[in-house]
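> This is the structure I want to talk about, given as structure tokens.
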Amino acid sequence: MTRKMTVMLIEDDQDLREATCETLTTAGFSVHAFGHAQAALDTLNTIAPDVILCDMRLPGMSGLDFLDVMHQQAPDIPFVLITGHGDVGSALRAMRAGAHDFLEKPCQPELVIDILRRAVTMRRLSQENAKLRDRLASTIAPEDRLLGKSSVMEDLRRRVAALGGLQVDLMIAGETGTGKELVARVLHAISARRKGPFVAVNCGALNPADIDRELFGDASVMGRVARAAGGTLYLDELEAMPEALQVRLLRVVDAREISPLGMPPQKLDLRILGSVKGDPTQLVAQGKLRSDLFHRFNAGALRLPPLRQRAGDAEMLLEHFVAEAAERHDLPVPDISTVLRRQAGWYAWPGNVREVRTVAERLVIGLDIALEGATEERVVVTEGLDAAMEGFESRLLQAALLQVGGRKNDAASLLGIPRKRLYLRLRHHGLG
């Protein structure tokens with residue numbers, strides 16, 4: 001029998017708490033409800049919730065404070081905030097701090113249930129992916145995870161193997177989707193620090209108002225840099241970091257020292273890997289990356305080739321990701337047609353390896369695949385304009401949801417439309 005999804009509900013309004021409990025229980029959830037955050041925190045280890053549904057305004061510890069604590073103690077549990085109309089700005093800040101989603105009062109029961117189910121499903125998929133990665137890690141040498149038979153990939157594997165064991169900070173440069181974080185993880189896995197933590201930070205996704213506290217911490221919160229002590233700190237999109245923080249990062253690189261807000265300096269033992277999108281020398285010339293910071297990393301720079309320069313690799317990667325997606329979804333491995341194989345070899349792959357993974361996912365779950373520009377085939381009209389537009393909109397909505405992992409807020413942002421309009425269009429196409 002499938003285990004019920006467990007919800008931890010924190011709501012100080014007793015009537016609303018009881019009503020929400022009844023709604024979720026009727027929908028098949030197992031619910032543990034609390035009137036304040038500290039009571040929920042005290043029982044975290046015994047309940048082991050699949051998802052947390054928490055009001056923003058609570059007595060004592062607020063919903064945002066509770067999110068910060070959960071981000072440290074159980075970062076893999078999805079956290080959904082319930083906000084009043086005037087708290088939307090704070091909710092958006094919470095999203096940047098790691099919240100899965102937020103709901104505005106009054107919440108429609110169907111929407112609450114949908115968001116919680118999707119959050120739990122995504123978490124379970126993430127856990128299954130982690131188990132798959134662990135199985136692969138136990139049988140495959142770390143550097144062999146850098147797939148590709150082209151000469152440029154063979155050269156990259158050799159350089160990664162040579163640099164992995166060295167105690168030097170490295171900068172990894174490459175276009176979006178070329179696998180910069182994978183290379184960073186491989187460097188960590190073959191280093192003497194492999195038993196320590198690997199902490200990845202997307203500098204471009206940090207909230208400018210909280211970025212200092214997020215990275216360096218304060219008296220109440222440990223920053224991400226400190227969490228990497230004994231292991232590897234990976235800073236993605238360094239060029240997106242404000243110049244003032246690039247200056248502070250120089251001290252971390254030079255002295256292995258941080259200064260949390262309101263606290264004395266702290267010495268750290270860690271390795272730092274950074275990455276940038278594109279050519280770092282051009283980013284320096286454009287003023288997006290400080291030259292002194294670039295040269296601190298330049299003891300060993302790795303430049304990742306785009307997929308269009310990796311002859312023969314696209315077809316091999318497509319086969320690999322199709323098999324991987326089929327196992328993840330427990331679906332049969334589909335045939336890759338001769339036409340699609342040829343197109344994969346001709347196509348420029350602007351999204352690089354990440355785009356191949358997306359195409360493989362679509363192929364496995366039965367969605368349409370179109371590699372724009374891969375062929376010069378003429379368009380054959382087989383249906384009317386209205387039907388064609390309906391079909392295109394349905395595929396576009398599915399593609400947006402797939403690209404952002406099913407998160408409707410992110411899909412609405414990606415498509416540039418209000419969330420309410422997205423829900424209406426999804427319902428129209430039977431995708432709600």
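> Only residues that are closer than 13 Å to residue 270 by Cβ and charged (D, E, K, R): list them for region 207-253, please.
224, 227
> Can I ask one more? So in region 267-277, with the set limited to residues that are in a loop (DSSP other than H, G, I, E, B) and touching a strand residue (DSSP E or B) at 6+ places or on another chain (Cβ under 7 Å), which one is modelled with the lowest pLDDT?
Checking each candidate, the answer is 268.
> Further question: Name the residue, out of 293, 317, that is at pLDDT 90 or above and open to solvent by less than 20 Å² (accessible area, probe 1.4 Å).
317
> Test of understanding: among 94, 40, 19, which residue is under 19 Å from residue 111 (Cα atoms), of a type in the set (A, V, I, L, M) and outside any strand (DSSP E or B)?
So the residue among 94, 40, 19 that is under 19 Å from residue 111 (Cα atoms), of a type in the set (A, V, I, L, M) and outside any strand (DSSP E or B) is 19.
> Another question about this same structure. Answer with yes or no whether residue 299 is out of contact with any strand residue (DSSP E or B) (no Cβ under 9 Å at 6 or more places or on another chain), outside any strand (DSSP E or B) and either under 25 Å from residue 190 (Cα atoms) or modelled with pLDDT of 85 or more (or both).
No, not satisfied.
> Can I ask one more? Looking at region 344-381, which of its residues are at pLDDT below 85, closer than 20 Å to residue 325 by Cβ and open to solvent by less than 30 Å² (accessible area, probe 1.4 Å)?
Across region 344-381, the qualifying residue is only 371.
To keep it simple, each residue is scored yes or no on (1) at pLDDT 85 or above; (2) at negative phi; (3) of a type in the set (Phe, Trp, Tyr); (4) open to solvent by 20 Å² or more (accessible area, probe 1.4 Å).
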residue	(1), (2), (3), (4)
166	yes, yes, no, yes
170	yes, yes, no, no
179	yes, no, no, yes
187	yes, yes, no, no
190	yes, yes, no, yes
195	yes, yes, no, yes
201	yes, yes, no, no
208	no, yes, no, yes
218	no, yes, no, yes
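> Same structure again: Taking the condition charged (D, E, K, R), touching a helix residue (DSSP H, G or I) at 6+ places or on another chain (Cβ under 6 Å) and within 25 Å of residue 355 (Cα to Cα), does residue 157 pass?
When the stated conditions are applied, residue 157 passes them.
> Which pairs turn up if I take residues in region 239-253 that are under 18 Å from residue 279 (Cα atoms) and look for partners that are assigned to a helix (DSSP H, G or I) with beta carbon separation below 6 Å, at least 6 apart in sequence or on another chain?
Note: pairs meeting the criteria are 239/283; 240/203; 240/204; 241/203; 246/293.
> Restricting to region 141-183, name every residue that is under 13 Å from residue 302 (Cβ atoms) and part of a loop (DSSP other than H, G, I, E, B).
Once the filter is applied, which keeps residues that are under 13 Å from residue 302 (Cβ atoms) and part of a loop (DSSP other than H, G, I, E, B), region 141-183 yields 146, 166, 168, 169, 178, 179.
> Moving to a separate point now. Only one residue in 75, 59 is closer than 24 Å to residue 224 by Cα, without any contact (Cβ under 8 Å) to a residue 60 or more places away in the chain and not acidic (Asp, Glu), so which one is that?
75
> OK, next. Which number in (1) under 25 Å from residue 125 (Cβ atoms); (2) at pLDDT 90 or above; (3) among the aliphatic types (A, V, I, L, M); (4) not in a helix (DSSP H, G or I) marks the one condition that residue 24 misses?
Tallying (1) under 25 Å from residue 125 (Cβ atoms); (2) at pLDDT 90 or above; (3) among the aliphatic types (A, V, I, L, M); (4) not in a helix (DSSP H, G or I), residue 24 fails exactly one: (4).
> Go through region 192-204 and report how many residues are in a loop (DSSP other than H, G, I, E, B) and within 24 Å of the chain's Cα centre (by Cα).
Total meeting the criteria: 5.
> Further question: Might you let me know whether region 297-314 holds any residue that is among the charged types (D, E, K, R), buried (at least 18 other Cβ atoms within 10 Å of the Cβ), under 19 Å from residue 156 (Cβ atoms) and in contact (Cβ under 8 Å) with a residue 24 or more places away in the chain?
Yes; the residues of region 297-314 include at least one that is among the charged types (D, E, K, R), buried (at least 18 other Cβ atoms within 10 Å of the Cβ), under 19 Å from residue 156 (Cβ atoms) and in contact (Cβ under 8 Å) with a residue 24 or more places away in the chain.
> From 289, 293, 273, 283, which residue is closer than 19 Å to residue 190 by Cβ, in contact (Cβ under 8 Å) with a residue 40 or more places away in the chain and hydrophobic (A, V, I, L, M, F, W, C)?
Criteria check complete, one pass: 273.
> Let me ask something else. When only residues in region 254-264 that are in contact (Cβ under 8 Å) with a residue 24 or more places away in the chain and aliphatic (A, V, I, L, M) count, which is surrounded by the most Cβ atoms within 10 Å (Cβ to Cβ)?
258
Residue by residue, here is whether (1) modelled with pLDDT under 80; (2) surrounded by 14 or more Cβ atoms within 10 Å (Cβ to Cβ); (3) touching a strand residue (DSSP E or B) at 6+ places or on another chain (Cβ under 8 Å) holds:
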{"position": "74", "(1), (2), (3)": "no, yes, no"}
{"position": "87", "(1), (2), (3)": "yes, yes, no"}
{"position": "91", "(1), (2), (3)": "yes, yes, yes"}
{"position": "96", "(1), (2), (3)": "yes, yes, no"}
{"position": "114", "(1), (2), (3)": "no, yes, no"}
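> Continuing with the same structure: Going by the structure shown, is residue 64 more than 14 Å from residue 7 (Cα to Cα), among the aliphatic types (A, V, I, L, M), at pLDDT 90 or above and part of a helix (DSSP H, G or I)?
Judged against the criteria, residue 64 is not a match.
> Looking only at region 20-60, which residues are open to solvent by less than 50 Å² (accessible area, probe 1.4 Å) and of a type in the set (Gly, Ala, Ser)?
Hits for region 20-60 are 27, 28, 30, 33, 35, 37, 39, 40.
The values are calculated or read from the model by the stated rules, or taken from the named source; none is laboratory data. It should be emphasised that the depicted structure is a prediction, and the values quoted were computed from it without experimental measurement. We place every Cβ from the backbone using ideal geometry, glycine too, and count neighbours over all the protein chains shown. Ligands, DNA and RNA are excluded from the accessible area calculation, which covers all protein heavy atoms including side chains. Shrake-Rupley method; radii C 1.70, N 1.55, O 1.52, S 1.80 Å.
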